[in-house]
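Below is one structure; the comments refer to it alone.
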Amino acid sequence: MENVLQAAKDLAASRHAVALTGAGISVESGIPPFRGKGGLWEKIDPMEYAHIEALRRNPEAVWRVLIQDMKTTLDTARPNDGHTGLAQLEKMGILKTIITQNVDGLHQLAGSRHTIEFHGSFAWMRCMNCSNRIETRYLDISVIPPRCACGGIWRPECVFFGEEIPPRCLIDSKHAAMSCDVMLVVGTSAEVQPAAYMPVIAKNRGATIIEINPEKTALTRSVSDYIIRGKAGEVMNGILSALNQIRSSAPVDG
């Protein structure tokens, strides 16, 4: 794959790398995207089933059409080489932060510790009445909608349409974008704001933008320094292999 060696060199020289990830990295774990061809929003109307007012108005319908299937999918999903590759970069001290638009929690399962979940997380549920929390995998959904002991309805801690991005996530994401010298943009066309602006912020601060996507995007033409076309897992494996070769051939001080 073209540019894999260049990406390894850029990461080896980096002092503060950051990654922005989207649905494309999790497709390889069997999680369908929300947008685009074959996406969830082609099958259901997001304004009818993914808006916060829809959840408040008819929680049973939202649970049956949207949330129940998502829970079933995510309960069995496992990180792929894209997720584990980014976690490895963090362990190597190269990658400082992951900004993700995904709600699947797979970065954390892969071992990434510094993750900003821009759109919240499906890994946890919160009671709409008392704000009690429970891990999604432990939630009993034999009755729909499931209810807390207080009688309130459980909801995912992800951001629904009609809700704001958590201010702390936005602040931390902007700070990460402003601080990095390399940004990996993995599995996202970066079209959904405000996450889409993070590569622009990084670019304007002098960072090298490395795009990893199967196809070219709007970023390719205007923001990315270069693109590595391919699946996230395969590309990350290639980068790590090249990076390990660079490190093993580096002279030892003294």
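Data table
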| quantity | calculated |
| --- | --- |
| Flag if VAL27 is out of contact with any Asp or Glu (no Cβ under 6 Å at 6 or more places or on another chain), surrounded by 14 or more Cβ atoms within 10 Å (Cβ to Cβ), of a type in the set (A, V, I, L, M, F, W, C) and not assigned by TED's automatic domain parsing to the domain that holds GLY238 | no |
| Residues that are at pLDDT 95 or above, assigned to a helix (DSSP H, G or I) and charged (D, E, K, R), drawn from the stretch 138-187 | ASP172, LYS174 |
| Count of residues meeting criterion [in contact with an Asp or Glu (Cβ under 7 Å, 6 or more places away or on another chain), in a strand (DSSP E or B) and at pLDDT below 95] in the stretch 110-137 | 5 |
| Flag for LEU184 being out of contact with any helix residue (DSSP H, G or I) (no Cβ under 7 Å at 6 or more places or on another chain), within 29 Å of TRP124 (Cα to Cα), crowded, with 19+ Cβ neighbours inside 10 Å and not β-branched (Val, Ile, Thr) | yes |
| Single condition ILE246 does not satisfy, out of (1) of a type in the set (A, V, I, L, M, F, W, C); (2) outside any helix (DSSP H, G or I); (3) modelled with pLDDT under 95 | (2) |
| Subset of the stretch 110-145 (residues that are of a type in the set (Phe, Trp, Tyr) and touching a residue at least 60 places away in the same chain (Cβ under 8 Å)) | PHE118 |
| Criterion: part of a helix (DSSP H, G or I), without any contact (Cβ under 8 Å) to a residue 60 or more places away in the chain and crowded, with 17+ Cβ neighbours inside 10 Å - qualifying residue of HIS107, HIS83 | HIS83 |
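The values are calculated or read from the model by the stated rules, or taken from the named source; none is laboratory data. These numbers come from a predicted model, not from an experiment. Here Cβ is always computed from backbone atoms with ideal geometry, including for glycine, and neighbour counts include all displayed protein chains.
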